Amino acid sequence: MDFKQFIPDFGAIAKTDWAKPQFDPTDIVKLVGIIASSLMLIFVFCPWFGVSNDGESEVRLGITLWYGIFAFLASSVIIVCFLYNHNALALLASLVCILFAIIGLLSWPNLNVDGMEMPGDFIKALAKMARMHGEEFNIVRWGAIMYLLSSLVTSAAAFANIIGFNFKK
């Protein structure tokens, strides 16, 4: 296996004819990659952090966080890479997206609750105290989880394209 194929060729990217996408709709692997990366764009607009109790919830969308903005940009790059056959850059960008999703799952950003800013560390302490007392305190992170799953699928599709795995209709 030639590991040089995993390094993005920025010279080839600079020479890309942007008027002619190289997408083949019969290539199932690329189709899966484009669908998964499109889902990543959608999941950036879903809750990446929040709290939910008694039917009420306060959440932060992924796009409102610094890592969510970069995740949105990287997801857009991945779609373009799949459309123009730049598989190594698609793999690199999808690995970066995995990193952003992990940051999203591990961070505790500030929340605006009833017009008052609550620091993430305070929310973390509240959640810990509630668990210690056996009370329910739900943390909402489903957008970041779905983003992570989509970015894993996108990475697998980009890797499959690099190694030449072809599954056509």
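The values are calculated or read from the model by the stated rules, or taken from the named source; none is laboratory data. Bear in mind that the values here come from a model prediction, so they are computed numbers and not experimental data. Virtual Cβ from ideal backbone geometry, glycine too; neighbours counted across all protein chains shown. All accessible areas refer to the heavy atoms of the entire protein, side chains included, with ligands and DNA or RNA removed. Shrake-Rupley method; radii C 1.70, N 1.55, O 1.52, S 1.80 Å.
Numbers at a glance
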| read-out | value |
| --- | --- |
| Hits in segment 74-101 - residues which are open to solvent by 50 Å² or more (accessible area, probe 1.4 Å) and either closer than 14 Å to V29 by Cα or under 10 Å from the mean Cα position of the chain (by Cα) (or both) | L83, N85, L95, V96, L99 |
| Total residues in segment 51-74, condition at positive phi and touching a residue at least 40 places away in the same chain (Cβ under 8 Å) | 0 |
| Odd one out for A160 among (1) in contact (Cβ under 8 Å) with a residue 40 or more places away in the chain; (2) at positive phi | (2) |
| Looking only at segment 139-169, and only at residues there that are in a strand (DSSP E or B) and within 21 Å of I63 (Cα to Cα), the one that is least open to solvent (accessible area, probe 1.4 Å) | V140 |
| Residue list for segment 110-138, filter: at pLDDT 90 or above and part of a loop (DSSP other than H, G, I, E, B) | N110, P119 |
| Residue that is modelled with the lowest pLDDT, among those in segment 28-53 that are in a strand (DSSP E or B) and open to solvent by 10 Å² or more (accessible area, probe 1.4 Å) | N53 |
